[in-house]
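The values are calculated or read from the model by the stated rules, or taken from the named source; none is laboratory data. Every value quoted in this text rests on a predicted model; they were computed, and no experiment measured them. Don't worry about glycine lacking a Cβ; one is built from the backbone with ideal geometry, like all the others, and counts go over all protein chains shown. Ligands, DNA and RNA are excluded from the accessible area calculation, which covers all protein heavy atoms including side chains. Shrake-Rupley method; radii C 1.70, N 1.55, O 1.52, S 1.80 Å.
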Amino acid sequence: MRRVILILLILMQIMFYINYIVNDGIIFFNIYVWSLLNLISLMAGWKAAKSEPNLYENRHIHFALSVTLLLMSVMSLIFILLIILTRPYFL
């Protein structure tokens, strides 16, 4: 179940970048939603990276998914801060 949650959170992080590329003009409507999702993903990635995998889960896949989510969350947080600094009228 944790693997499914990690994969879904990774897909949501990818959707953030797709949303910005397609609709960069309306990102201000949902910048707060994306930042909240980013913080949730950051905490989930951190918790998953520190925990052990389940009995039937491969250790390498669990570690790769958790580190990928953690790195994508950090990159999204930096990107959101960059948007806030360069385009403050989106707030």
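Observations on the structure shown:
- Rounded to 10°, Cα long-axis angle of helix 31-50 versus longest principal axis of the chain: 20 degrees
- Rounded to the nearest 10 degrees, the inclination of helix 2-22 to the longest alpha-carbon principal axis of the chain is 20 degrees.
- Percent carbon-and-sulfur accessible area, the chain, ignoring ligands, DNA and RNA, probe 1.4 Å: 77 percent
- Extreme residue, positive dipole direction of the chain, given options Leu71, Gln13, Ile31 (C-beta unit charges): Leu71
- Using θ = phi - 60° and Karplus 6.51 cos²θ - 1.76 cosθ + 1.60, couplings along the range 52-60 (whole Hz; Gly, Pro as x): 8, x, 5, 4, 9, 9, 6, 5, 5
- Orientation-averaged projected area, Cα convex hull of the chain (nm²): 5.7 nm²
- Accessible surface computed residue by residue for the chain, with neighbouring protein chains in place and a 1.4 Å probe, gives 68 Å² per residue.
- Remark: the range 62-77, residue by residue, has Karplus-estimated 3J(HN,Hα) of 4, 5, 5, 5, 5, 5, 4, 5, 5, 5, 5, 5, 5, 5, 5, 5 Hz, where x stands for each Gly or Pro and the curve is 6.51 cos²θ - 1.76 cosθ + 1.60 at θ = phi - 60°.
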